[in-house]
Amino acid sequence: MENTDFPAISEKLSQPLQILITTHTNPDGDAIGSSLALAFYLKKKNHRVHVMAPDPFPDFLAWMPGHEDILFFSRDQEKCISVIQQADMIIAADYNNFGRLNDAAPLVRQSKAVKVLIDHHLNASDEFDYKISISRISSTSELVYNFVEAMGDVHLLDKNIAECIYTGIITDTGSLSYACNYVKTYLIIAELFRLGIDGEHLHRLIYDTYSESRLRLLGYSISDQLIVMPEFNTAFITLSASDLQRFNHQIGDTEGVVNYALSIKDINLAALFMERDGLVKVSFRSKGNFSVDTLAREHFNGGGHRNAAGANCDTTLEDTILKFRKILPLYQSKLKSVYS
Ligand code: 5GP
Ligand code: MN
């Protein structure tokens, strides 16, 4: 499904507005990258702009230009409520239903502001006035580049914006290893380099800043907590609250862990179950045409992309895993041949 309401959004932006850019809970590189890139751009267009996330981003993004100004609903509710109430336009970046704003969702839904979606997930909800929603695109950050281009404003891009867009593309494609089989992504990256980014430096900032305990948690996840089920071409990792405590878990420490389970030959479905804040956070990854978006939506009230999706379950860790094990036989034949 594609929605590109560029002309209508462009018309709305023709006068100075108070704009609130919002992104999803547990914000990742694309959530923060696309929001900040959009904020820099819209400020250059003479709008007043705030960026708000429900909760903080991982430390490995704390170098990003403009990150200091992001508001977190969980930390600064009063300020967030005031910017929600004052907004003429609320943009949803990198998520597609307001439910992913957690406690901020009801206030945003009630707001009279024009609601705009800029996102690349499947199955956008219909609670937006205008949508730019293209699911085949690598990242929302790439979509922000396309948006600026469609607005005829490529000349307004600068190194800060380029760094934000590059971070979003790189983190959402596993450093250009999936969801990036389109020429345009690489043409955009070439433009970002022309704007002066240092790709090697950015890679070090994003990926080479593990704490010792984060690396040991990764080791433990793989050596002790990985369960491989060759009969279902599936592998999964479980981390309890006490596991996380033992390794002094910080936000972002488990980012990427699930991909190791998927890297096993003939494993086509991988999952990570993590006990966090009284819920079980699940990450799904898949290869080929096996849709974890469908799996997450149908069984776990979650969603995402075909090959990367997530969910938050209010069942216990044991029950969530039991349920997962129970549904695997339903998908056994699909999981065998994901490239046919
Ligand atoms: P991750 O496993 O990295 O947290 O998320 C993978 C993808 O699924 C991301 O694109 C993320 O936005 C989406 N996702 C994660 N959790 C949820 C969820 O609870 N609901 C929905 N709809 N999408 C999610
Ligand atoms: Mn994204």
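The values are calculated or read from the model by the stated rules, or taken from the named source; none is laboratory data. Please read these numbers as outputs of a predicted model, since none were measured by experiment. Glycine also receives a Cβ, built like all others from the backbone with ideal geometry; neighbour counts cover every protein chain displayed.
Name the helices (runs of 4 or more DSSP H) wholly inside the range 266-340 in which the number of residues that are crowded, with 21+ Cβ neighbours inside 10 Å and under 18 Å from the mean Cα position of the chain (by Cα) is 2 or more. It would help to see each step written out before you state the result.
Values: elements: 292-300, 317-327, 332-336.
Fully inside the range 266-340 and qualifying: 292-300.
Can you name the residue in the range 45-83 that is charged (D, E, K, R) and under 25 Å from ILE170 (Cα atoms) and is also modelled with the lowest pLDDT among such residues? Outline the logic, then answer.
As a first pass, look at the range 45-83 and keep what is charged (D, E, K, R): 45, 48, 55, 59, 68-69, 75-76, 78-79.
Now narrow it down to the ones that are under 25 Å from ILE170 (Cα atoms): 55, 59, 68-69.
Working: ASP55: 97, ASP59: 94, GLU68: 98, ASP69: 97.
Ranking the qualifying residues of the range 45-83, first place goes to ASP59.
Of all residues in the range 133-186, how many are within 13 Å of ligand 2 (Cβ to nearest atom) and not in a helix (DSSP H, G or I)?
Counting residues in the range 133-186 that are within 13 Å of ligand 2 (Cβ to nearest atom) and not in a helix (DSSP H, G or I) gives 12.
Run SER125 past the list (1) in contact with an Asp or Glu (Cβ under 9 Å, 6 or more places away or on another chain); (2) within 16 Å of ligand 1 (Cβ to nearest atom) and report the number of the one that doesn't hold.
Looking at each condition in turn, SER125 falls short on (1).
With LEU187, LEU195, LEU217 as the choices, which residue is touching a helix residue (DSSP H, G or I) at 6+ places or on another chain (Cβ under 6 Å) and at negative phi? So that I can check it myself, show each step before the final result.
Values: LEU187 fails: touching a helix residue (DSSP H, G or I) at 6+ places or on another chain (Cβ under 6 Å); LEU217 fails: touching a helix residue (DSSP H, G or I) at 6+ places or on another chain (Cβ under 6 Å).
Answer to the check: LEU195.
Can you pull out the residues in the range 118-129 that are closer than 14 Å to ILE19 by Cβ and away from ligand 2 (no atom under 13 Å from the Cβ)? I'd like the intermediate steps shown before the answer.
Initially, the range 118-129 is screened for residues closer than 14 Å to ILE19 by Cβ, giving 118, 129.
Listed by number, the list holds a single entry, ASP129.
Show the residue pairs meeting these rules: Cβ distance below 7 Å; 6+ apart or different chains; first residue within the range 174-203 and of a type in the set (Phe, Trp, Tyr); second residue at pLDDT 95 or above.
TYR178/ASN307; PHE193/GLY199
When the range 137-173 is examined, which residues are found to be more than 12 Å from HIS120 (Cβ to Cβ), among the small types (Gly, Ala, Ser) and touching a residue at least 60 places away in the same chain (Cβ under 8 Å)?
Within the range 137-173, just ALA150 meets the criteria.
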